[in-house]
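Inspection log for the structure reproduced underneath, given as structure tokens.
The values are calculated or read from the model by the stated rules, or taken from the named source; none is laboratory data. Remember, it's a predicted structure, so these values are computed and weren't measured experimentally. Cβ sites come from the backbone with ideal geometry, for glycine too, and all protein chains shown count toward neighbours.
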Amino acid sequence: MKKIASFCVNHDTLTPGIYLSRVDGPVVTYDIRMVKPNCPPYLPNAALHTIEHLFATFARNSEDADHVIYFGPMGCRTGFYFLVTDMQHNAVIDRVRDIFRRIAAYEGDIPGAANSAECGNYLEHDLAGAKEWAAQFLPVIENWKPENLRYPS
């Protein structure tokens, strides 16, 4: 079988940041890498789950909502994929930065986690952990620019 593109990225040289993962016609996939691969600690499941709920909710309620296709976690628990259409790279970076700022400061109920009807694992969330991980990631992406989107070689 042909190896998929994400398995061709050299995870030994990859560091936290925002990367252009792939372009499939009008859909652009960004790799939001919060943790250096193969270097624990990884994002804990409960914090990862809460970041997913908050980021997806904020993105789908932003002025870019019509351009958001998907936001979801990587199985390796080192980050997330963010899929969009018809957005400039700098606008995506700005949106990601804005949303992580909002997560780091968020107070309140976790959207979509009130009960079992809303979420398939509604008891496994960690708002404090999500806020902490988001706050740790912010300095990494504070000055991120489109020219930083290339994976390291």
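Within the stretch 66-80, residues that are within 14 Å of P41 (Cα to Cα) sit with their Cβ atoms under 8 Å from residues that are part of a strand (DSSP E or B), at 6+ positions apart or across chains, in these pairs: T78/R33; G79/D31; G79/I32; G79/R33; G79/P73.
Set side by side, the residues I69, I51 differ, and just one is modelled with pLDDT of 95 or more, buried (at least 19 other Cβ atoms within 10 Å of the Cβ), of a type in the set (A, V, I, L, M) and under 25 Å from K145 (Cβ atoms), which is I51. All of F100, F71 fail the test of being part of a helix (DSSP H, G or I), closer than 19 Å to F137 by Cβ and under 11 Å from the mean Cα position of the chain (by Cα), apart from F100. Within the stretch 93-122, the set of residues being more than 16 Å from L83 (Cα to Cα) and of a type in the set (A, V, I, L, M) comprises I103, A104, A105, I110, A113, A114, A117. Count of the stretch 95-112 residues, restricted to those that are more than 30 Å from N38 (Cβ to Cβ) and surrounded by 12 or more Cβ atoms within 10 Å (Cβ to Cβ), is 2.
A Cβ distance below 8 Å, combined with a sequence gap of six or more or placement on separate chains, defines the contacts here; from the stretch 125-153, residues that are closer than 12 Å to V96 by Cα and touching a residue at least 60 places away in the same chain (Cβ under 8 Å) reach residues that are surrounded by fewer than 18 Cβ atoms within 10 Å (Cβ to Cβ) and among the aliphatic types (A, V, I, L, M) in the pairs A134/A104.
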